[in-house]
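Heads up, the thing below is written out as structure tokens.
The values are calculated or read from the model by the stated rules, or taken from the named source; none is laboratory data. These numbers come from a predicted model, not from an experiment. Reconstructed Cβ throughout: ideal geometry from the backbone, glycine too, with neighbour counts over all protein chains shown. For the accessible areas, the whole protein counts, side chains as well, though only heavy atoms, and no ligand, DNA or RNA atoms are used. Shrake-Rupley method; radii C 1.70, N 1.55, O 1.52, S 1.80 Å.
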2 protein chains.
Amino acid sequence: MRTFVSVADTGQFQHTAAEMAITQQAVSKRIAKLEGDLGVRLFTRTARGTQLTIDGQVFLPHARELLRAEQRAVDSVRPGRRPLRIDVINRRTAPAALLRDFHRGYPDLQLDVLVLDDSGVDVAIAAVRSGSIDASFRAVTIPARRLPDDIKVMRVVDEPHQLLTGPAHKLATAPAVTPADLVGHRIWIPGILPGTEWATYYNDLAAEFGLAIDPIGPNFGTEHLLDVLADSATLASLVGEQTRLLWPTHYDLRRIPLYDPTPVYPHSLIWHRDNSHPALATLHHHLASIRPRRFDTGIWMPAWATRQA
Amino acid sequence: MRTFVSVADTGQFQHTAAEMAITQQAVSKRIAKLEGDLGVRLFTRTARGTQLTIDGQVFLPHARELLRAEQRAVDSVRPGRRPLRIDVINRRTAPAALLRDFHRGYPDLQLDVLVLDDSGVDVAIAAVRSGSIDASFRAVTIPARRLPDDIKVMRVVDEPHQLLTGPAHKLATAPAVTPADLVGHRIWIPGILPGTEWATYYNDLAAEFGLAIDPIGPNFGTEHLLDVLADSATLASLVGEQTRLLWPTHYDLRRIPLYDPTPVYPHSLIWHRDNSHPALATLHHHLASIRPRRFDTGIWMPAWATRQA
DNA sequence: TAGTCGCACAACCCGTTGTTGTGGCTCGCC
DNA sequence: GGCGAGCCACAACAACGGGTTGTGCGACTA
């Protein structure tokens, strides 16, 4: 592929051969093989070089893109100067949106967002300490005094929860509901694994208000959840206000605000004191520049979250 | 790469080996080589399979993207069902913008836009007839009666021209100018090759109003043109109203409307009568749905363009 | 018409990558 | 705790792909 691009650029097999430190015949073979595999002619051979066919002209940008993709792939794991690596709890909640904003603001910064699956905040902290990731958006369930010295934490955004129901649900027409209204209703939040801070949060929430939250159902994916909710009169779910969910329009799901109090989920950024990745500083700058919605009254969050300020 | 993705998905070397019809040892070697080349461990080997390391988790989406890019590259030249292939005269004028709109409207349609360089409308017509491209946006300088029967032409958009000057130019502060005002000024439009319909258009324009248009200067790229214009008191250029040009903000170039009459450039779509590419029909539908700006009075265009209606 | 330039074909050779065979490790079961 | 099952790694060997050298052919030029 690289050979093809080079020949397209130089217009001559010989130049490419010199450039790549191989013989002209080897270049000829490579191009012939590529043409054979694709089943089309890429160059017209003339007496003083080569010229791209129309197929070749169409193929060229794709070939370049392929090489760029390869470069990005290699760079993503290159020890030393690799892209900033940030873990999020999933790709739909507020921190993911935050990172999309960040990327929009600094499109030149290389960013790798990953989901460290099946892991709690302790795993994220370990990953940050080991240097394998640069930062993590998490709810920090651990008291500040028990955090390692080299780990820094900053509260970034509080995400209010809403009730998610299908049209047939008894609460579907309510303009807003309180946690007390949810007593006796089944709340289903599948895909939350025990040991993660999600589970801690919802367990605490359930205990506080006497709710029947079922966080450990089998997880067949978000589509399945929405599928079930759309048809159910008894089942509802809780979602963050900024959480993006896409469902077929005929599903007619509703998001109903919660109040008195509003449960909010506390997202923090975790990073290592000594991490000198330049993009990390930029991220801090960006997070400081946006004014996060913070709530003081009328909300609920677990005791471990309020203690953090 | 494919092997890596497969192992990441299945979690076992053996499954991948069966899937790819090779032995487990071969898979092991491939992964070991990839890890060696990258310089990082991608999997942690356990007694009952493998698990992605954090590096592996980061690398995985890049690997998938690489495979997708390869697929697109191969598809782009696959005889038979390949993406719709459309030629434009360059990537900045109105037809290019039109195609961006089209792509926004139908993001699932695969589209390959190319610039058949150094070629006039006759080359485009030949390419359309041979089937190597599906359509071309061109100014058709050939009388309708001399077009082959199997070639269809539709006038798509008329693009008014504007004067482009630097801040020091004598006409820079004029709110609008007429072609007559340009007599005696040097107009520079580099990169227009003789034989193309661009050259025909500007020659006709120069002849009509007695202008000193210099279309055949050496072409060092758009940046160079803007560079020179920014500092010149005597040189100006002509650009289409919808033509996208990006210049450094401190350049302070100006686009000045032309009137009495406004020279407009006629873009037509050329395609083959028998071309049954489904996306071509969609393109027609899209072009019909947008209401193109067409001008009747106060404009100028070459005789060969007015005759087409 | 001879010379030069540029790509293609043929023969050969070597290194990469596949295969077979085997060993070591971990986990679960009796 | 011993043993078998499952899974990956290492070693030796074989086959193929892709490189090299040598040569030929067609087109443009003097």
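Residues B:R138, B:R92: which one is in contact with a Ser or Thr (Cβ under 7 Å, 6 or more places away or on another chain), basic (K, R) and under 24 Å from B:D296 (Cβ atoms)? If you could, list the steps in order and put the result at the bottom.
Details: B:R92 fails: under 24 Å from B:D296 (Cβ atoms).
Answer to the check: B:R138.
Look through the range A:51-63, keep the residues that are among the polar types (S, T, N, Q) and open to solvent by 40 Å² or more (accessible area, probe 1.4 Å), and return whichever of them is farthest from DNA strand D (Cβ to nearest atom).
Among residues in the range A:51-63 that are among the polar types (S, T, N, Q) and open to solvent by 40 Å² or more (accessible area, probe 1.4 Å), the one farthest from DNA strand D (Cβ to nearest atom) is A:Q57.
Could you say whether any residue in the range A:104-114 is within 14 Å of chain B (Cβ to nearest Cβ) and open to solvent by 60 Å² or more (accessible area, probe 1.4 Å)?
The first filter runs over the range A:104-114 and keeps only residues within 14 Å of chain B (Cβ to nearest Cβ), leaving A:110-114.
Restricting the remaining residues to those that are open to solvent by 60 Å² or more (accessible area, probe 1.4 Å) gives A:110.
Yes.
Applying the selection to the range A:28-64, what residues are away from DNA strand C (no atom under 11 Å from the Cβ), free of Cβ contacts under 8 Å to residues at least 12 places away in the same chain and out of contact with any strand residue (DSSP E or B) (no Cβ under 6 Å at 6 or more places or on another chain)?
Within the range A:28-64, A:D37, A:G39, A:I54, A:P61, A:H62 qualify.
Could you list, in sequence order, all residues of the range B:51-65 that are under 12 Å from B:F4 (Cα atoms), facing chain A (nearest Cβ under 7 Å) and aliphatic (A, V, I, L, M)?
Hit for the range B:51-65 is B:A63, nothing else.
Which of the strands (runs of 3 or more DSSP E) contained wholly in the range B:177-245 include at least 2 residues that are open to solvent by less than 30 Å² (accessible area, probe 1.4 Å)?
Output list reads B:186-188, B:235-240.
Considering A:R2, A:R45, which residue is within 16 Å of DNA strand D (Cβ to nearest atom) and touching a Leu at 6+ places or on another chain (Cβ under 7 Å)?
Being within 16 Å of DNA strand D (Cβ to nearest atom) and touching a Leu at 6+ places or on another chain (Cβ under 7 Å) holds for just one of A:R2, A:R45, which is A:R2.
So, in the range A:33-50, how many residues would count as being under 23 Å from B:P79 (Cα atoms) and loosely packed, with under 13 Cβ neighbours inside 10 Å?
6
Scan the range B:111-131 for residues that are touching a residue at least 40 places away in the same chain (Cβ under 8 Å) and touching a Ser or Thr at 6+ places or on another chain (Cβ under 8 Å) and jot them down.
B:D118, B:S119, B:G120, B:V121, B:A124, B:I125, B:A127, B:V128
Looking only at the range A:9-27, count every residue that is assigned to a helix (DSSP H, G or I) and either more than 10 Å from DNA strand C (Cβ to nearest atom) or crowded, with 17+ Cβ neighbours inside 10 Å (or both) and tell me the total.
Of the residues in the range A:9-27, 8 are assigned to a helix (DSSP H, G or I) and either more than 10 Å from DNA strand C (Cβ to nearest atom) or crowded, with 17+ Cβ neighbours inside 10 Å (or both).
Can you find a residue that is more than 10 Å from every other protein chain (Cβ to nearest Cβ) and buried (at least 20 other Cβ atoms within 10 Å of the Cβ) anywhere in the range A:70-85?
Checking the range A:70-85: at least one residue is more than 10 Å from every other protein chain (Cβ to nearest Cβ) and buried (at least 20 other Cβ atoms within 10 Å of the Cβ).
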